[in-house]
Structure formats: structure tokens, C-alpha cells
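Read the structure below first, then the notes.
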Amino acid sequence: MHLNDSPRITEQPLSGCRVLERSRTVASAYAGRLLAAMGATVIMLEPSGGSRLRRAAPFVEETGESALFAYLSVGKRSLVCDTDTADGQELLQRELREADILIDDTPVKNRAAQGVDPDVVQQINDRLIHVSVLPFGATGPKAHWDGEEINLLHAGGEGFLLPNGLSTELFPDRPPLKIYGNFGSYQGGCMAAFGALSAWWMVDQVGGQYVDISVQDAVLAVGAFALQRLGDGSLEHRLQRSFKYGGVFETKDGFIELLTLEDRQWASLVQLLGEPEWAMKPAFSDPLERSKRGAEINEKIRGWMAQHPSDEIVDRAQQLGVPIGKYRPPVEVVNGEHERARNLFSTGTLANGEEAQFLKAPFQFRCTPLAGGGRVPELNELAQEETL
């Protein structure tokens, strides 16, 4: 395993926790990835041909292997467990008896045949935390429905709100969009990891538990503000939804996003803009008046932003306390000064032996730095090691 320059870490937050992962989808694989990042031993129980995620785009240009699978599986182990056979069923039961957490996205209709029916699993190991991760959950009228990323994003309401702001102004005729990548599935994976840990921390008090995760629910939670406004009788729509002023702006060399919700942030923004005459008018000291004249304010801001480079804007804005962020290409993220200072990335090993930079996790522990690193597992590597 290749690590960066940080000292080797032997104890991690989840050291000693053994996790089984049966994943067809990004949501369940990401849940396992988060637990592995915290030091859990995560064993992927793969079918004989390997997880379908091994063949999922995008791909590493130099090697042709799945970049998505590499990210989701780095630091895990692989064991082929074909539950269509008697030997596979026996192997599954053996692994279940030794595990602390099971993450599983087997469709409800297939669980009995696959040996992962919740009642059966509970009988095998009554201290096991069994986490079900399905598009619409394992109970209710949609429990048997399948769903891909685009279905889940729109079923959770986010698609109804996109595109908005500058995107709507530039491309008013575009239909609702899907956020790039696997945004919805990552939300489901986060919820599954949180549910797994919440139940595992209580295992000594209540024993094993069954945790039912719906990816649709996780996506729905992202739009909490829109739901709150719906409860107040306001239905948001992508063509009307925007901050009264602020949002995404094109700069001299890219794009930034600006958000000013408080009076002090507005005052700092006025300083950033050089205290122009229009912004100094008494009317703009009233937040309600600013809200009414949001389009006018944005037009003024847009003209100023187009004359300055993104980095210059962001550096000055941070000094003044203006909430602004730059949209950066991946190479800037991996090699960024901020990311290096926070030690967000570490060196891991791809399946072909080449090294690559992997995000450790979307969080940090102040007292226990995450180790990161690891390697993308070869199919059935654990079984091969046992035969040596």
C-alpha cells in the first residue's frame, strides 16, 4: 500500500469492524467506501463474473479500467460468493457469522433465493447490522421498483429544480437535467453509512438491527428548503428558482458562485465591487428592496465579474468575508494548495499496479487522521490468498 508523506496510522475510527458488501449499485458501494475510509475491513462479496461496477464508466484513459469502480473499491477486499450454488450459500453464511455489518442492495424479490432475507440473516447472526439500500426502499408500494440515477434524482425532486439561475438565463429552452455523475446515489450511500453506524453503536444495548434505506428519500432530504417552502404553500420551479441576487457568474477566465444572505455579507460584497455608486444608494441598504431588485443587482455584478480573473476575485472576497467559491477543474482540485494543506488526497494503487490520487473521504477526524491509500482489489483476491 502506498501512502503519502503523513505518518503511518495503525488505529482508525472503525478498526476492528468487519463489513460485508453486496453491491450492484453506486449507493451501496459508496456506503462501503465510507466505512472503509474510516478503517473498517470491507469485503465485497462479488458474483463469479465480478461486480457490474467493474465495467461502469467513466474509465481510466491509460488502462481502460473503471475509474468509478476504482474510487468506490479502493481499500476494500474482494471475495467471490456465488449464492446460486450450495458452496456459495455456505460461504455467505460463514461470512455473515463473522461480520458486524452487512450492506446489501439485492432486490426484495431475489432475497430469499440469495440467502439474504432479513429474517434468515438475523437467525444466522443476531448481532449483525443488516443495511438494505434500494432505490425506493424495501417496504411500501415502490419496494419492487428498480431505478437508475436519473430516475432517483427526479423522483427526489432535484430534477424539477434544475437547471436554474444563470443556466436558465443562458439556456431557457433546456429541459430538466440530471446532475453529473452519481449525485443521488452518493446521497443514498451517505444515509446508508450513517444508518449502519447508528445501529452498530447500539448493538450492545439492542442487538442486531435491520436498516431500510431509500435512495429516493436521501435525495428528497437534499431539497429540504424546497420542501419547507412547499409546506408554506410555495411550489418552487427551476424557471423561477434563484437567489434574489447572487448565484453563478462568469468571470474573465471561468465561473464562480456567490451567495450573500446577511447584511454584513452584502456590505462586504459592495467593498469587493469597489463601492460603486449604484450600490451605495440608500435603497440598497434595505434587504427587502434588494430582494425586489435582484435581477438589476445581478446585471451589475455580472458586468464587474466579467472583468476580473476568478482567483483574484476569490482571494479578495475571502479577505472581506464574502461567500464565494470558484468552479475548478479536477487537476486544480487534486493539486490545490487548500487540498494539500488539509491532506485530502492520498496515493492508492490501481488494479494494474499504477498509482493514482484518491480522495480519502468527504470528512476528517481532528484527533484521528484518516490513513487513506490502499489498492483496488483484484476479483476474488481473498480466496487466492487463502490457497497460498
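Every number in this text was worked out from the coordinates using simple rules, so none of it is lab data. Keep in mind it's a predicted model, so treat the numbers as computed, not measured. Counting neighbours? That spans all protein chains shown, and the Cβs are built from the backbone with ideal geometry, glycine included.
For region 314-388 and region 122-165, compute the distance between their C-alpha centroids and round to whole Å.
Centre-to-centre distance over Cα atoms comes out at 27 Å.
So who's got an amide H within less than 5 Å of the one on V248, skipping anything under 5 residues away but keeping other chains? H placed 1.01 Å off N, in plane.
L166, L258
Counting DSSP beta bridges in region 236-388, what percent are antiparallel, to the nearest 5?
DSSP beta bridges in region 236-388 are roughly 90 percent antiparallel.
Taking R0 as 35 Å, what's the FRET efficiency between E275 and K252 from their Cβ-Cβ distance, rounded to 0.05?
Rounded to the nearest 0.05, the efficiency is 0.95.
Classify the chain as rounded, prolate or oblate, taking a ≥ b ≥ c as the square roots of the eigenvalues of its Cα gyration tensor: rounded when a/c is under 1.5, otherwise prolate if a/b is larger than b/c and oblate if not.
Verdict is prolate for the chain.
Just rank L153, L230, fewest to most, by other beta-carbon atoms within 10 angstrom.
Final ranking by Cβ density, sparse to dense: L230, L153.
Charges at C-beta only: +1 for Lys and Arg, -1 for Asp and Glu. How large is the resulting dipole of region 267-310 about its Cα centre, in Debye rounded to 20?
120
Quick one: how many lysine pairs in the chain have C-alpha atoms under 14 angstrom apart, if they're 8 or more apart or on different chains?
Taking the Cα cut-off of 14 Å, the pair count is 6.
Expressed as a whole number of Å, what is the distance separating the alpha-carbon centroids of region 270-292 and region 82-114?
Cα centroid to Cα centroid, the span is 62 Å.
Return M202, M191 ranked ascending by Cβ neighbour count within 10 Å, so the fewest neighbours appear first.
M202, M191
Per residue of the chain, what 222 nm ellipticity follows from adding -39500 (n - 2.57) for every DSSP H run with n ≥ 4, rounded to the nearest 500?
It comes out at -10500 deg cm²/dmol, rounded to the nearest 500.
List every residue whose amide H lies under 5 Å from the amide H of V42, counting only residues 5 or more places away in sequence or on a different chain, with H placed 1.01 Å from N in the peptide plane.
Long-range HN contacts for V42: V19, R77.
Filter the GluC sites (Glu not before Pro) in region 37-80 down to the DSSP loop ones having no more than 14 other Cβ atoms within 10 Å, then list what survives.
Those that pass, being in a loop and sparsely packed, are E61, E62.
How many angstrom separate the Cα center of region 35-63 from the Cα center of region 171-212?
One Cα centre to the other: 18 Å.
With +1 on each Lys and Arg Cβ and -1 on each Asp and Glu Cβ, and nothing else charged, work out how big the dipole of the chain is about its Cα centre, in Debye to the nearest 20.
That gives a dipole near 800 debye.
What's the local net charge at G32, with K and R +1, D and E -1, over the other residues with C-beta under 9 Å away?
For residues surrounding G32, the net value is +1.
If R₀ is 35 angstrom, what is the calculated FRET efficiency for the pair E385 and I150, using the beta carbon separation as r and rounding to 0.05?
Once the sixth-power term is evaluated, E becomes 0.35.
Residue by residue through region 368-377, what is 3J(HN,Hα) from phi via Karplus (6.51 cos²θ - 1.76 cosθ + 1.60, θ = phi - 60°)? Round to whole Hz and write x for glycine and proline.
Running phi through 6.51 cos²θ - 1.76 cosθ + 1.60 with θ = phi - 60° gives 10, x, 6, 6, x, x, x, 9, 7, x Hz.
Order 257-263, 194-200 from most to least packed using the mean count of other Cβ atoms within 10 Å.
Per-residue mean Cβ counts within 10 Å order the peptides as 194-200, 257-263.
Using Cα pairs closer than 8 Å and at least 6 residues apart in sequence, work out the relative contact order for the chain, in percent.
RCO, the chain: 20 percent.
Starting with the fewest neighbours, write out C190, C367 ranked by other beta-carbon atoms found within 10 Å of each beta-carbon.
Ranked by crowding around the Cβ, least crowded first: C367, C190.
Once you put a point 7 Å from the Cα of N335 and another 7 Å from the Cα of A67, both along the Cβ direction, what distance in nm separates them?
That separation, rounded to one decimal, is 1.6 nm.
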